[in-house]
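Okay, structure first, notes after.
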Amino acid sequence: MDCIFCKIVAGEIPTSKVYEDEHVLAFKDIHPQAPVHVLVIPKTHIESVDKLDDATAELAAKALAAIPKAAREMGLTEGYRVITNVGRHGCQSVFHLHFHVLGGKQLPERMS
Ligand code: AMP
């Protein structure tokens, strides 16, 4: 499968790792949009939130549970924003489920 995040999981593409466990990987976004910008992904390929079902929701939950660990690792003591883009209108560009974790400054109130 030609998925850049699967290649990162497989160690075929280098990345700046923030957190890893059996099911989840968190790494720094290559084009950060905030002082801290981390991507948290399930290691298993799931296209997006829109493709979640009862079977795969558990993997998404493991990725969600890793977010506070990645946030602590990055020193995000004052809060942060979690975003997941879905499909064309959501401007998703990598079709492997990922949660953006943005912080390190006061973020704007508006999200769109
Ligand atoms: P999205 O547009 O929501 O699908 O987010 C994809 C994100 O992946 C973007 O913020 C990209 O900057 C990031 N990205 C793409 N390739 C890499 C990579 N090799 N390492 C780290 N982040 C990446």
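Every number here is computed from the coordinates shown, using simple stated rules; none is lab data. The shown structure was predicted, so the numbers you read here are calculated from the model rather than taken from an experiment. Neighbour counts run over all protein chains shown; Cβ positions are idealised from the backbone, glycine included.
Applying a threshold of 22 Å to the alpha-carbon distances of K28/K62; K17/K51; K17/K69; K7/K105; K43/K105; K62/K105 flags K17/K51; K7/K105; K43/K105; K62/K105 as lying beyond it. Unpaired cysteine residues in the chain (no second Cys Cβ under 4.7 Å): C91. Classify the range 49-108 from the C-alpha gyration tensor, please: rounded if a/c falls under 1.5, else prolate or oblate depending on whether a/b exceeds b/c. Here the range 49-108 falls in the oblate category.
Spread over its residues, the convex hull of the C-alpha atoms of the chain is 109 Å³ per residue. All other residues with a Cβ under 11 Å from the Cβ of L107 taken together, and with Lys, Arg as +1 and Asp, Glu as -1, what is their net charge? Result for the local shell: +1.
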